[in-house]
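Worksheet for the structure shown next.
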Amino acid sequence: MGFIEEMTPWHWLALAGALLIIEVLVPATFFLWIGTAAAITGLVFWVVDISAASQLLMFSALSVVSIILHRVYLMRNPPEADSSTLSRRGEQYIGKTYMLVTPIKNGVGKAKVEDSLWRVEGEDLPEGAQVTVTGVSGSSLIVKSTN
């Protein structure tokens with residue numbers, strides 16, 4: 001315990017900083033909570049002169065308590081699932097209305113969707129008809145007439 005006995009509050013704060021840097025470089029770990037425990041230990045040691053054994057005990061207890069509290073918080077407030085449509089771009093258009101730029105003949109046509117043309121499938125409709133996207137089939141939008 002020779003090194004621990006020679007520690008100053010600055011050592012604890014430096015350890016806290018190093019652990020926080022590790023947390024930034026390796027996200028989704030628990031170094032944030034251990035770093036917070038080191039910072040609190042350093043601040044308490046700065047205000048009150050405590051023994052090396054007390055410092056280690058405080059650091060250990062704060063580390064365990066902060067990790068447990070974080071896990072309890074995550075269990076009560078789980079992160080929301082990512083419902084991104086990044087890989088399923090067509091799904092973001094469901095429920096929206098667009099205009100046909102080519103008529104739907106034999107169940108297939110094209111609609112202007114934002115700045116691009118999309119293949120659409122549905123009942124035969126004339127060019128210029130307003131359609132609402134009801135689903136996606138591969139790279140085609142399933143549409144129905146808004147009338």
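Under a 5 Å amide H to amide H cut-off, with H placed in plane at 1.01 Å, what residues pair with ASP124 once short-range neighbours are removed?
GLY107
Which value, in debye to the nearest 20, describes the size of the charge dipole of the chain about its Cα centre when Lys and Arg Cβ atoms bear +1, Asp and Glu Cβ atoms bear -1, and nothing else is charged?
600 debye
Grab the eigenvalues of the alpha-carbon gyration tensor for region 2-76, scale each by 5, take roots, and send me the semi-axes largest first in whole angstrom.
Working through the eigenvalues yields semi-axes of 23, 14, 9 Å.
Please give the Cα centre distance for region 85-147 versus region 1-56, rounded to the nearest Å.
So the separation of the two Cα centres works out to 59 Å.
For GLU23, GLU91, what's the fewest-to-most ordering of other Cβ within 10 Å of each Cβ?
GLU91, GLU23
Counting helices only, and only those DSSP H runs with n ≥ 4, report the 222 nm mean residue ellipticity of the chain as the sum of -39,500 (n - 2.57) divided by its residues, in deg cm²/dmol to the nearest 500.
Value at 222 nm, helices only: -14000 deg cm²/dmol.
Can you tell me the FRET efficiency between LYS144 and ASN77 if r is taken as the Cβ-Cβ distance and R0 is 30 Å, rounded to the nearest 0.05?
That gives a FRET efficiency of 0.15.
With everything on Cα atoms, drop me the angle between helix 52-76 and the longest principal axis of the chain, reported from 0 to 90° to the nearest 10.
With both axes taken from Cα atoms, the answer is about 20 degrees.
Looking at [x] 1.09; [y] 0.93; [z] 1.49, which value of Rg/Rh (Cα atoms, Kirkwood Rh) comes from a calculation on the structure shown?
Correct label, based on the coordinates given: [z].
Give me MET99, MET75 ranked fewest to most by other Cβ atoms within 10 Å of their Cβ, as a rough exposure proxy.
MET75, MET99
Determine which aspartates and glutamates satisfy two conditions relative to LYS144: a Cα distance under 14 Å, and not lying fewer than 8 residues away in the same chain.
Within reach: GLU121, GLU123, ASP124, GLU127.
With a point put 7 Å past each Cα toward its Cβ, work out how far VAL48 is from ASN106 in nm, to one decimal.
In this crude label model, VAL48 to ASN106 measures out at 8.5 nm.
Bear in mind these aren't lab numbers, they're just calculated from the coordinates by the rules spelled out. Fair warning: this is a prediction, and the values are worked out from it, not measured in the lab. Virtual Cβ from ideal backbone geometry, glycine too; neighbours counted across all protein chains shown.
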